[in-house]
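A.B. asks: To start, I am sharing the structure in question, which I have written as structure tokens.
The values are calculated or read from the model by the stated rules, or taken from the named source; none is laboratory data. Fair warning: this is a prediction, and the values are worked out from it, not measured in the lab. All Cβ positions, even for glycine, are placed from backbone atoms using ideal geometry, and neighbour counts span all protein chains on display.
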Amino acid sequence: MKKMVKEKKLALVTRPYIDSKKFEEDLAKIGVESFIEPFLEIQFYQNANKVIRPYLDSCQLMVATSANAVRAVGYTKKDIVAVGEKTAQVAKELGFEKVFSSKGNVENLKKYIEKNFSPRGGGLLYISGDIIANDLKPEGFKLTRVVVYSSMPVKKISSKCKKYFEDKKFDYVFLFSKRTAEVFAEHAGKYDFKNTTCFCLSENIKYVISKLNFKEVIVLENFDMKNIANLV
């Protein structure tokens, strides 16, 4: 009797290539292949490290809600608190000596700062992109936000991605930000997703793609592979 070979599932990963490699490897470990198609182009601002220098002396630590903000700035001697493990890992790779992680979303980051630091220690230097989904306002802290990169929507998607949309190839779509979801909806709104499950990181993202006919939209606090493995 001929042995049946189980066809691997295919996931569309919508974040920039620089952030997708590890995610692709992790998906492969749970039997899911990846197709990487960025819907945003990241543009780092020139001399971002110099731009933030006037604020370093008056702040007790830096705060980052994305890995790209850390990449744009590069190493400084200040301690840094990151929104999650991915951002924290990038900071460590760049040489930051004291890296704290709230292991969650912006709301968890806010609570982490309020619990572990005091406004008496100084202000916070918040490095970010030009578009943020949620305001970061830890109670009692003076927070200075400096924009160090921009996220530009792609003008077109690859012909291969379009073909996969047309042929309903994707079993899963992963959306990492509200801005990504907005651009995704612009490019993919006309396609049929009734056989596709969408994973996203917030209710705001879910709302943006609510008019697309996904089989299911699952909101997760983070894309932990143990959780994803139980759902795919």
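A.B. asks: Return the only residue of N108, N116 being assigned by TED's automatic domain parsing to the domain that holds A82 and exposed (fewer than 14 other Cβ atoms within 10 Å of the Cβ).
C.D. replies: N116
A.B. asks: Can you name the residue in the range 57-69 that is over 17 Å from F23 (Cβ atoms) and crowded, with 21+ Cβ neighbours inside 10 Å and, of all such residues, is modelled with the lowest pLDDT?
C.D. replies: Among those residues, the one meeting the criterion is T65.
A.B. asks: G74 - would you say it is out of contact with any Pro (no Cβ under 7 Å at 6 or more places or on another chain) and on the phi > 0 side of the Ramachandran plot?
C.D. replies: So G74 passes the test.
A.B. asks: Still on this structure, I have one more. Return the residues of the range 29-70 that are under 19 Å from S102 (Cβ atoms) and within 19 Å of the chain's Cα centre (by Cα); say none if nothing qualifies.
C.D. replies: M62, V63, A64, T65, S66, A67, N68, A69, V70
A.B. asks: Sticking with this one: So which of F23, F35 is touching a strand residue (DSSP E or B) at 6+ places or on another chain (Cβ under 7 Å), in a helix (DSSP H, G or I) and in contact (Cβ under 8 Å) with a residue 60 or more places away in the chain?
C.D. replies: F23
A.B. asks: Here's something else I'd like to know. Scan the range 133-146 and give yes if some residue there is closer than 15 Å to E37 by Cα and over 17 Å from the mean Cα position of the chain (by Cα), otherwise no.
C.D. replies: no
A.B. asks: If you go through the range 165-184 one residue at a time, do you hit one that is at pLDDT 95 or above, over 23 Å from G74 (Cα atoms), more than 20 Å from the chain's Cα centre (by Cα) and of a type in the set (V, I, T)?
C.D. replies: no
A.B. asks: Write out, first by first residue and then by second, each pair whose Cβ atoms fall under 8 Å of each other, whose residues are 6+ apart or on separate chains, and whose first residue, in the range 205-232, is modelled with pLDDT under 90 while the second is surrounded by fewer than 12 Cβ atoms within 10 Å (Cβ to Cβ).
C.D. replies: M225/K29; V232/G31
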